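Q: Got a structure for you, questions after.
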Amino acid sequence: MTHHKTTHFGFKEVATEDKVKLVRGVFDSVAEKYDIMNDLMSLGIHRIWKRIAIQLCNVRSGEKVLDLAGGTGDLTTLLEKRVGKDGLVVLADINSEMLRTGRNRLIDRGLSGNIDYAQVNAECLPFEDNTFDCVIIGFGLRNVTDKDAALRSMHRVLKPGGRCLVLEFSHPIDPITEKVYDFYSFSLLPKIGKLVAKDEDSYRYLAESIRMHPKQTELKAMMENAGFERCEFYNMTQGIVAVHRGYKI
């Protein structure tokens, strides 16, 4: 009797090998409207969340940074200023449409010379050990099938003394915020997705994927199990978003 491994895709159980293809379909669908939808989903607050995460990266001139699941390049735009002309930011994403959109946006802004691009799977990064001073994954870890493998892979490619930042939608820390957030996520967000991006199902998945993501303390423990030390997290907007940080010692 054959047993097939399953994982969650939003609230659905799917075969593990199918999740990457399903997630790719979501982001192929929303790539062109992704930035507009981020503004609508977060009322523009995602820009503040990203700036706070970048500050917590403590990136300095000349460093090498991996922007994993970098999507349309918001974090790379902020990072390339910090690494300077002698540093490097690698904008990486598993999804070719998102990567193409991000590359085109950065080129249109005149940003080049200290940015590389790579289509990669976070679970098995194709970089040598001890390559990067910092790895950040912004709003991408929840879409990864094997999060433990991804965290181990991020730890491997970091230099000793390097830091890993996970910026992700998380879990509200008080019941009132949770109720309001649930109403918005499941009643309003899919309708906004239908109106703006012509895609209700993808935004329903995005809302469901947030609920299935590990809670703050659980993700901290997962980072510790992957080898990170001095792990901590910072809640933002009542825990709707959290930034986790750990170091490779």
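The values are calculated or read from the model by the stated rules, or taken from the named source; none is laboratory data. These numbers come from a predicted model, not from an experiment. Neighbour counts run over all protein chains shown; Cβ positions are idealised from the backbone, glycine included. For accessibility, only protein heavy atoms count, side chains too; no ligands or nucleic acids. Shrake-Rupley method; radii C 1.70, N 1.55, O 1.52, S 1.80 Å.
Q: Within region 96-123, count every residue that is open to solvent by less than 40 Å² (accessible area, probe 1.4 Å) and either more than 22 Å from residue 151 (Cα to Cα) or outside any strand (DSSP E or B) (or both). Steps first, answer last, please.
A: Filtering region 96-123 down to residues open to solvent by less than 40 Å² (accessible area, probe 1.4 Å) leaves 98-99, 101-102, 106, 111, 114-115, 118, 120, 122.
Next cut, either more than 22 Å from residue 151 (Cα to Cα) or outside any strand (DSSP E or B) (or both) only: 98-99, 101-102, 106, 111, 114-115, 120, 122.
Of the residues in that region, 10 qualify.
Q: Would you mind listing the helices (runs of 4 or more DSSP H) fully within region 155-247 where at least 1 residues are in contact with a Pro (Cβ under 6 Å, 6 or more places away or on another chain) and farther than 22 Å from residue 71 by Cα?
A: Values: elements: 175-183, 189-196, 200-212, 216-225.
Hits in region 155-247: 175-183.
Q: Return the pairs, sorted by first residue and then second, in which the second residue is aromatic (Phe, Trp, Tyr) and open to solvent by 50 Å² or more (accessible area, probe 1.4 Å), the first residue lies in region 203-215 and is under 19 Å from residue 39 (Cβ atoms), the beta carbons are less than 7 Å apart, and the residues are 6+ apart or on different chains.
A: Hits for this filter: 207/186.
Q: May I pose another question? Of the residues that sit in region 124-148 and are over 15 Å from the mean Cα position of the chain (by Cα) and not in a loop (DSSP other than H, G, I, E, B), which one is nearest to residue 208 (Cα to Cα)?
A: The selected residue is 124.
Q: Please report, ordered by residue number, the helices (runs of 4 or more DSSP H) entirely within region 3-95 with at least 1 residues that are surrounded by 16 or more Cβ atoms within 10 Å (Cβ to Cβ) and modelled with pLDDT under 65. Explain how you work it out, then say what you get.
A: On the way: elements: 16-30, 34-42, 46-57, 74-83.
Result: 16-30.
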